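First comes the structure, then the notes that go with it.
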Amino acid sequence: MPLTNAERQKRHYERRKEMQKRAPDLVRAFAARPFYEFYGESGDAMSFETALDIAGIEPPSFDDDSGPASFSGEIERGDPGNETYHGQAKSIGRAEVMVGTLMSAAAELAGIINAYKVDAIEREEERLHALADGSTPDKRREILEELVRLNRMRDRLKKRVRWELPQWELKGE
């Protein structure tokens with residue numbers, strides 16, 4: 001069956017996005033100074049390390065020019081065709097992989113927290129509905145007000161949050 005124009009465009013953009021991911025970083029060709037040296041002198045390194053420390057995560061050390069590697073070593077030992085670190089090398093590649101994976105981890109954790117809170121709201125709603133049966137009109141009004149408040153809370157949890165980050169990857173043309 002022939003593809004619709006929308007399907008062709010979607011595939012075209014997916015191919016372009018994949019090619020963009022595989023493209024080499026434009027700055028690496030002329031960046032003579034290793035990233036780990038720059039990181040050590042950056043005043044912002046302490047802020048990054050403090051934020052991770054507050055979260056209970058041991059900050060990484062950028063004391064050499066080694067590339068990205070998983071903590072467990074499973075990524076490297078697994079599938080030989082694995083392209084997790086495709087095009088990422090040295091300390092700058094390790095830092096770039098770290099940015100992407102920290103964002104992914106934060107998004108996953110935020111989703112888990114969101115589901116936990118939605119579940120708690122739903123359980124409270126069920127409890128209130130059970131209380132409403134056979135209660136006085138005044139008590140039902142209070143329960144209804146609380147149900148409306150819980151509904152607003154759930155609506156707020158349905159919203160997405162957007163964070164702005166400086167551009168860290170420079171690939172392509």
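The values are calculated or read from the model by the stated rules, or taken from the named source; none is laboratory data. Keep in mind that this is a model prediction, so the values were computed, not measured. For neighbour counting, all protein chains shown are included, and Cβ atoms are generated from backbone atoms with ideal geometry for every residue, glycine included. Accessible surface is based on the protein model in full, side chains and every heavy atom, while ligands, DNA and RNA are left aside. Shrake-Rupley method; radii C 1.70, N 1.55, O 1.52, S 1.80 Å.
The table below lists the values:
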| item | result |
| --- | --- |
| Lysine pairs with alpha-carbon atoms under 26 Å apart, the chain, spacing 8 or more or separate chains | 11 |
| Folded to 0 to 90 degrees: helix 44-54 orientation relative to the chain principal axis, Cα | 40 |
| Alpha carbon centroid spacing (whole Å) that separates segment 101-130 from segment 9-72 | 31 |
| Apportionment of accessible area to carbon and sulfur, the chain, percent (1.4 Å) | 57 |
| Neighbour net charge for Glu145 - beta-carbon separation under 12 angstrom, K R +1, D E -1 | +2 |
| Rounded FRET efficiency, nearest 0.05, which uses the C-beta distance separating Lys117 from Leu3 and R0 of 45 Å | 0.65 |
| Degrees separating the helix 137-158 axis from the principal Cα axis of the chain, which is the longest one | 10 |
| The chain - accessible surface per residue (Å², probe 1.4 Å) | 82 |
| Largest-first ordering by accessible area, 1.4 Å probe, given options Trp168, Trp163 | Trp163, Trp168 |
| Range of Cα positions in the chain per principal axis (Å), largest first | 77, 55, 32 |
| Long-range amide H partners of Asp65 with built H, under 5 Å | none |
